[in-house]
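Notes follow once the structure below has been shown.
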Amino acid sequence: MSNTNTQTDVIAQVKQAIQDIRPALQNDGGDVEYVSMNDEGTVSVRLVGSCAGCPMSQMTLKHGIERYLKDKVGSHIIVESVN
């Protein structure tokens, strides 16, 4: 994380990016909720609706959500799912 971005700024960017991608998940009956972010840039999210039990949820998490956050916020971002 660069010195110009405070943790609060990065969290705000993460939350906005999650809001940006929610409609795509909602169109398929699912959703994603921001839970937290640690100092190292690991973002915890909760997959809900049809995403929660979907066998493709790991692909959605890594190739969809994480990739989008890396593009919009920074390459240091890692996304993990929590229950």
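The values are calculated or read from the model by the stated rules, or taken from the named source; none is laboratory data. Bear in mind the structure is a predicted one, so any value in this text is a computation, not a measurement. Ideal geometry is used to build each Cβ from the backbone, glycine not excepted, and the neighbour counts take in all protein chains shown.
Given the condition in contact with a Ser or Thr (Cβ under 9 Å, 6 or more places away or on another chain), β-branched (Val, Ile, Thr) and surrounded by 14 or more Cβ atoms within 10 Å (Cβ to Cβ), answer yes or no: does some residue in segment 49-62 qualify? Within segment 49-62, not a single residue is in contact with a Ser or Thr (Cβ under 9 Å, 6 or more places away or on another chain), β-branched (Val, Ile, Thr) and surrounded by 14 or more Cβ atoms within 10 Å (Cβ to Cβ).
A count restricted to segment 32-75 and to residues that are farther than 13 Å from ILE18 by Cβ and in contact (Cβ under 8 Å) with a residue 60 or more places away in the chain stands at 1.
No other residue among VAL10, VAL45 is surrounded by 13 or more Cβ atoms within 10 Å (Cβ to Cβ) and not in a helix (DSSP H, G or I) apart from VAL45. Do we find that ILE78 is touching a residue at least 40 places away in the same chain (Cβ under 8 Å) and not aromatic (Phe, Trp, Tyr) in this structure? When the stated conditions are applied, ILE78 does not pass them. Across segment 20-36, what is the total count of residues that are surrounded by 14 or more Cβ atoms within 10 Å (Cβ to Cβ), touching a Ser or Thr at 6+ places or on another chain (Cβ under 7 Å) and within 18 Å of GLY74 (Cα to Cα)? Within segment 20-36, residues that are surrounded by 14 or more Cβ atoms within 10 Å (Cβ to Cβ), touching a Ser or Thr at 6+ places or on another chain (Cβ under 7 Å) and within 18 Å of GLY74 (Cα to Cα) number 0. Selection of segment 48-83 for residues being among the hydroxyl-bearing types (Ser, Thr, Tyr), in a loop (DSSP other than H, G, I, E, B) and either closer than 14 Å to GLN13 by Cβ or at pLDDT 95 or above (or both) yields only SER75.
Here ALA17 clears all of (1) surrounded by 15 or more Cβ atoms within 10 Å (Cβ to Cβ); (2) in contact with a strand residue (DSSP E or B) (Cβ under 9 Å, 6 or more places away or on another chain) except the condition numbered (2).
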